[in-house]
Each structure stands twice: as structure tokens, then as C-alpha cells.
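Taken together, the values in this text are just the output of simple stated rules run on the coordinates, not laboratory data. Quantities reported herein were computed from a predicted structural model and do not represent experimental measurements. So basically every Cβ, Gly included, is an ideal-geometry build from the backbone, and we count neighbours across all protein chains shown.
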Amino acid sequence: MNEIFHFTYELLMTLSNITGFTYKEVNIIIWFILIPLSWTLLIDKIYKQRKFTIIFSILVAIFLALIPNFSIFCNWLFQRSVDFLNLFNDLGSNYVASSVIICVLIPIIIYSFLIWKAFFKKSN
């Protein structure tokens, strides 16, 4: 788990250095915008339409337009995410393990299912 966590952290830090966004901003952009957006694209591919992607994109655009300070918002949401992941400590987990399971492994499972449905399952 530690290796996956540190690899992910280094990847996010690299993206932060490339884009000029902070680590927390990159984290929020990826896990709260880009990953869900990619899921809507796959869902739309499955259903042969674009409405989920369009609706999600419009909602994100409106929400981002209403945020007075993106950096402050990202810091706040990142901390709420850390707090959420730390809730699993009571179940015998820790922040690193919870991060890897919830932020890496579960999305990989979701991607696997959506990609299979979108590209490999034969439609009837």
C-alpha cells in the first residue's frame, strides 16, 4: 500500500509542478472533476449518448464559476477528504491504506467495469 500511495503522491506532485496548481488543487481536480468526467464519458459511450457528460460538465462549470477562491476551496475540500479517509482508522485502517483503497483501487474497479461495458461487452 505504501508504494502505491507514494507513487500516486509523486505523480500528483509532478503534475503540480507541471501545471502550476498546488498539490491539493491537482488532487481535487483529478478526483472530483476529471475522474468523474471520464466515467460520464464511458457511461455515455455505453448508452450511445452524451447527456451525462454534458450535464456533468455544465454542473461543474456552474459550480466552479460560483467558487470565489478556487485555492481556498480546494484546501477546504482536501481537508474534508482527509477527514473522511481518517474515519476508517476506527475500523483498523490508516490514512495511507484508506487512500489507496478508496482513491486508487475502487476507481480502478469502476474503470474496469465501465471500460468492459463500453468496449468489450457485445450489445444485444
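Could you tell me whether the chain comes out rounded, prolate or oblate from its Cα gyration tensor? Rule is a ≥ b ≥ c as square roots of the eigenvalues, rounded for a/c under 1.5, then prolate if a/b exceeds b/c, otherwise oblate. Don't skip to the end; give the middle numbers.
Numbers: a/c = 1.94, a/b = 1.25, b/c = 1.55.
The shape class here is oblate.
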| remark: With the charge dipole of segment 2-120 built from beta-carbon charges (+1 for Lys and Arg, -1 for Asp and Glu) about the Cα centre, the Cα from ASN75, ASN86, LEU37 projecting farthest to the positive end belongs to LEU37
| Under the rule of -39500 (n - 2.57) per DSSP H run of 4 or more residues, summed and divided by the residues of the chain, what mean residue ellipticity at 222 nm is obtained, to the nearest 500 deg cm²/dmol? | -21500 deg cm²/dmol
| message | Please enumerate, by chain and number, the lysines with C-alpha under 23 Å from the C-alpha of LYS122, excluding those fewer than 8 residues away in the same chain. | response | LYS45, LYS48, LYS51
| What is the list of residues in segment 87-105 whose amide nitrogen lies under 16 Å from a point 7 angstrom out from the Cα of ASN2, following Cα to Cβ? | 94-100
| Which is the longest stretch in the chain that no exposed loop site breaks, taking sites as trypsin sites (Lys or Arg not before Pro) with a DSSP loop state and at most 13 other Cβ atoms within 10 Å? | 51-120
| note | Burial-style ranking of 65-73, 35-43, 12-20, average other-beta-carbon count within 10 Å with highest first, yields 35-43, 12-20, 65-73
| task | Arrange the following residues from fewest to most other Cβ atoms within 10 Å of their Cβ: CYS74, CYS103. | result | CYS103, CYS74
| Looking only at segment 92-124, which residues have a backbone nitrogen under 17 Å from a spot 7 Å from the Cα of LYS48 in the C-beta direction? | 117-124
